[in-house]
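The values are calculated or read from the model by the stated rules, or taken from the named source; none is laboratory data. Values in this document were obtained by computation on a predicted structure and should not be read as measured data. Here the Cβ positions follow ideal geometry from the backbone for every residue, glycine too, while neighbour counts run over all protein chains shown. Note: accessible area is taken over every heavy atom of the protein model, side chains too, but ligands, DNA and RNA are not part of it. Shrake-Rupley method; radii C 1.70, N 1.55, O 1.52, S 1.80 Å.
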Amino acid sequence: MKTFAGPLLAGLAFPVERTRGRRFPEPPHPYRNEFHRDRDRIVHSRAFRRLENKMQVFASGISDHFRNRLTHTIEVSQIARTVASTLGLDEDLTEALALVHDVGHPPFAHAGEEELNRQMQRYGETFNHNVHALRVVDAFEQRYARFPGLNLTFEVREGIVKHSHDLEPGADPELDEYLPGLRPPLEAQLIDLADEIAYDTADLDDAYSARMFSLADVRTAVPEFERLHDRIEGQFPGAPERVQFQEVVRILVDELVSDLVTGTIERAEKSGVEDHEGVRRLDRRLAGFASDETAAHLKCFLHDRVSFAEPLVSERRRCAAMIGELFDRFQAHPERLPENYVEEMANQPLHRIVCDYIAGMTDGFFMRCYESR
Ligand code: MG
């Protein structure tokens, strides 16, 4: 196993004192820096607490052991912080971004996002969970008397918008302030990849618990899994299959994280970039895996055996149909929307109000709304 002597890329860290600041200026805190404050604000937000009752891949109620969106978020944060501290990047900025990365997810995960997007396209608009997350932190959270939203720093809001894709200049005039054409800080670039490590390995673990595939299936489809499993079987021949499986998943997480650290260092060295401004000006992101093979094999297996397995496909169809139905119901009966909500959103068209209202719901609250006629 490769060892790392950090802090390897400390020169590329985003210096907190160089933040572009908040939309509504605030006096500094005596001992918490700006990114530290952002992280704390996110943890205290209602949108963050709602993550507990939003599904990741498997609906709650089947088992208490599956990840929900909150436990997934904590795993992403842990992975991202490990990478950031090993590389010498800003851990507070990284953690804030990891903790906020899924607050824009509607109920029922991707089925919910796709259905809301489909509904909005009927009105020539779109729904995207990253843009929605920005609206949550900029407007929907109402906790402070002096400003709407959480008043987060520019870099955290930029990281939310650029979670998985950079912005092309002119692509979306509403997002023009978030430096289209430039890469986000390296801390923000880590989040999408930490997310990928967390959900691929967690989906493998949860789907195995749900008996969606056998040990033999994953050994055949993912050569890296087979190699690690052979090693674990040799080391612990008497251990139960379940424990051997856990050992392999544990090492897989570790190897993917190490691969992300190595890959990012290699790319940084090759680019010759010297500081956070150089990171922004590169024509592609610096953060990346040294080898895409393990992640690619894992993804391919999960795609076939989990995401597109019949039980999950029909569950998504059922959830999407319920979202579509509730959307139509609120459109036909806007008086059923909460009064304060409509007042606050007074300048928006009805379909946007309905979309925002449903998008903020937890899975449990959605079901209560859906079932009360
Ligand atoms: Mg995520």
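Let me have the 222 nm mean residue ellipticity of the chain computed from DSSP H runs of 4+ only, each contributing -39500 (n - 2.57), with the sum over all residues rounded to the nearest 500.
Values: 17 runs with 211 residues, N = 373.
Using -39500 (n - 2.57) per qualifying helix, the result is -17500 deg cm²/dmol.
In the chain, which helices (entire DSSP H runs) extend 24 Å or more along their own long axis, judged by Cα positions, while averaging at least 0.0 on the Kyte-Doolittle scale?
What comes out of the filter, once short or polar helices are dropped, is 69-87.
Using a Förster distance of 45 angstrom, determine the FRET efficiency expected from the C-beta separation of Lys299 and Leu337, and round it to 0.05. Let's see the in-between values first.
Values: r = 39 Å, r/R0 = 0.87.
With R0 = 45 Å, the Cβ-Cβ based efficiency is 0.70.
Apply the Debye scattering formula to segment 124-190, with a single equal point scatterer on each alpha-carbon and no solvent, then give log10 I(q)/I(0) at q = 0.21, 0.22 Å⁻¹.
Normalising to I(0) and taking log10 leaves -0.90, -0.97.
Could you work out how far apart the two model spin labels at Arg146 and Asp254 are, taking each label as a point 7 Å from the Cα in the direction of the beta carbon, and quote it in nm?
Label at Arg146, label at Asp254, 4.7 nm between them.
So if I take the centroid of the Cα atoms in segment 29-74 and the same for segment 355-373, what is the distance between those two points in Å?
19
Along the Cα-to-Cβ line of Asp230, 7 Å from the Cα, sits a label point; which residues in segment 291-313 have backbone N less than 19 Å from it?
293-295, 297-298
If I model a spin label as a point 7 Å beyond the Cα along the Cα-Cβ vector, how far apart are those points for Leu215 and Glu325 in nm?
4.3
Please identify, among Asn68, Asn128, Asn347, the residue showing maximal mean-square fluctuation in a Gaussian network model of the chain using a 10 angstrom Cα cutoff.
Per the Cα network of the chain with a 10 Å cutoff, Asn347 tops the list.
Label points 7 Å out from Cα along the Cβ direction at Arg135 and Arg20: separation in nm?
Placing both labels 7 Å beyond Cα along the Cβ direction yields 2.2 nm.
Distances longer than 24 Å among the Cα atoms of segment 1-150: what percent of all pairs is that?
Everything past 24 Å amounts to 44 percent.
Please return the longest range in the chain lying between exposed loop sites, taking GluC sites (Glu not before Pro), DSSP loop only, at most 14 other beta-carbon atoms within 10 Å, and leaving the sites out.
In short, 126-273.
Restricting attention to segment 103-136, which trypsin sites (Lys or Arg not before Pro) occupy a DSSP loop and are surrounded by at most 10 other Cβ atoms within 10 Å?
Within segment 103-136, the qualifying trypsin sites (Lys or Arg not before Pro) (loop, at most 10 other Cβ atoms within 10 Å) are Arg122.
Going by accessible area, probe 1.4 Å, with all protein chains left in place, what is the ranking of Ser214, Ser45, largest first?
Per-residue accessible area, sorted high to low, gives Ser214, Ser45.
Can you report the principal axis dimensions of the chain using only the alpha carbons, biggest first, rounded to whole angstrom?
Here the spans come out as 65, 49, 38 Å, largest first.
Taking a probe of 1.4 Å, how large is the accessible area per residue of the chain, in Å²?
It amounts to 47 Å² per residue over the chain.
Over the chain, what is the relative contact order in percent, taking alpha-carbon pairs closer than 8 angstrom and at least six residues apart?
Taking the mean separation of contacting Cα pairs over the length of the chain, I get 21 percent.
GNM, the chain, Cα, under 10 Å: largest mean-square fluctuation among Gly159, Gly149, Gly170?
Ranking Gly159, Gly149, Gly170 by mean-square fluctuation puts Gly170 first.
Counting only protein heavy atoms and a 1.4 Å probe, tell me what percentage of the chain's accessible area is made up of carbon and sulfur.
Accessible surface attributable to carbon and sulfur in the chain totals 50 percent.
Put one equal scatterer on each alpha carbon of segment 218-373, apply the Debye formula with no solvent term, and list log10 I(q)/I(0) at q = 0.11, 0.14, 0.16, 0.20 1/Å to two decimals.
Log10 of I(q)/I(0), two decimals: -0.81, -0.90, -0.92, -1.12.
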